[in-house]
1. Inspect all residues belonging to segment 264-271 and state whether any of them is among the hydroxyl-bearing types (S, T, Y) and in a loop (DSSP other than H, G, I, E, B).
2. I'd like to check something: does segment 90-102 contain any residue that is in contact (Cβ under 8 Å) with a residue 12 or more places away in the chain, surrounded by 23 or more Cβ atoms within 10 Å (Cβ to Cβ) and in a strand (DSSP E or B)?
3. Could you check segment 148-258 for strands (runs of 3 or more DSSP E) lying wholly inside it with 1 or more residues that are under 27 Å from E82 (Cβ atoms), at pLDDT 90 or above and small (G, A, S)?
4. Identify, by number, the condition in (1) of a type in the set (G, A, S); (2) modelled with pLDDT of 80 or more; (3) not assigned by TED's automatic domain parsing to the domain that holds K20 that A43 doesn't meet.
5. With respect to E37, is the statement that it is among the charged types (D, E, K, R), assigned to a loop (DSSP other than H, G, I, E, B) and either under 30 Å from I305 (Cα atoms) or at pLDDT 70 or above (or both) true?
6. Can you spot a residue in segment 160-170 that is touching a helix residue (DSSP H, G or I) at 6+ places or on another chain (Cβ under 6 Å) and surrounded by fewer than 15 Cβ atoms within 10 Å (Cβ to Cβ)?
7. Could you grab the pairs with beta carbons closer than 7 Å, sequence gap of 6+ or different chains, first residue in segment 150-178 and assigned by TED's automatic domain parsing to the domain that holds H231, second one loosely packed, with under 14 Cβ neighbours inside 10 Å and in a loop (DSSP other than H, G, I, E, B)?
8. Of the numbered conditions (1) surrounded by 15 or more Cβ atoms within 10 Å (Cβ to Cβ); (2) closer than 16 Å to F229 by Cα, S285 fails exactly one; give the number of that condition.
Amino acid sequence: MQATYPPHVATVETMMIWTKLSKQQQDDIVSRAAIGESIWVLAEEYDIKESSLERKLRLLRSENPPSEKIFNTSALWLDVNEPKRIFVYSDAHFGMEDRGALNAAIKVAEMFQPEIIVNLGDTLDCYSISKFKKDPGGSSLQSERDAWSTWATKLNSVCADDVQRYIIKGNHEARFETFLMENPGIADLDEMSVDSLLMTDALGYHSVVDAIYVNADRDELYPNAQLYFLHGSRALKHSGSSTRAASDMYAGASTIVGHAHRSAMVTQRTGRGISKSYEVGTLASLMPDYMFFPNWSQSILTGVIMKDFHEFQLHVIDRGRVCYGGNVIGG
């Protein structure tokens, strides 16, 4: 399995310059830079722009392994050939989370033992910086982060150490980015980022991205993926409508989305084969203080993916109870 994702310093120019060098030249530059040789000297010797070489070396220090391809895009390219167990959750909205649903999710993860975990976004509610009407005594960013960190640590503790963990940015994380854009005086601080907000390094998650393309062509305009993990941008009225809309956008491909807070599976036969798309429900309260009786549901997703095949099962959570392996757990 190979995953590539773009650090903020990635550029197309850096990729092109580096790939023009032979493997021996690349290794020579890396080894000499590691012992402190001047980047200016190396850039002169290999006829490379100094700033581009500096960016590339920074990428190699932050990526593991260095040979992974970096694309100047917010998508993560995930190649899965051998069967991998995947656990998917979404829309926890810490600050308005539902403890019963969160506990049920952890119990399923413990029994399922995933090899890949995907968080579809809206991890924090970011209630205090919302532009909507709100209770001044509502959750703070710090209390939301603390709740997320506590739960994510517990989730980590019931899974293997080598699980691959990914987070997709949701519209509530976008609230934080909007807040930073509106407050440039603090936006330039290193700790002012979505990754820092969600403590991705400390909790073992890869950098936050906008989408995950599974077994895709390396084409930013037309990725042609086997499966798309997205937060989702449309919350349509009925269960299944939002993931169907996402599937239509990707020419009938299989999609897994959150955002709508509804649970559904939609299948259809297309020219690509059988499309199997899912809406993953929320792990937040079904009784939010800003809406009366929303038609939401709570759920998680477990499944297996390999080259040219994937299959998932949607587990709907009801009052903290969920059916898994023929047994009702939680509650």
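1. No, that holds for no residue.
2. So far as segment 90-102 goes, yes, one or more of its residues are in contact (Cβ under 8 Å) with a residue 12 or more places away in the chain, surrounded by 23 or more Cβ atoms within 10 Å (Cβ to Cβ) and in a strand (DSSP E or B).
3. Correct list: 211-214, 254-257.
4. If we test A43 against (1) of a type in the set (G, A, S); (2) modelled with pLDDT of 80 or more; (3) not assigned by TED's automatic domain parsing to the domain that holds K20, just (3) comes out false.
5. Judged against the criteria, E37 is a match.
6. no
7. C159/Q113; A160/Q113
8. Going through the list (1) surrounded by 15 or more Cβ atoms within 10 Å (Cβ to Cβ); (2) closer than 16 Å to F229 by Cα, S285 breaks only (2).
The values are calculated or read from the model by the stated rules, or taken from the named source; none is laboratory data. The structure displayed is predicted, hence computed values, not measured ones. When we count neighbours, we look across all protein chains shown, and the Cβ atoms used for this are built from the backbone with ideal geometry, even at glycine.
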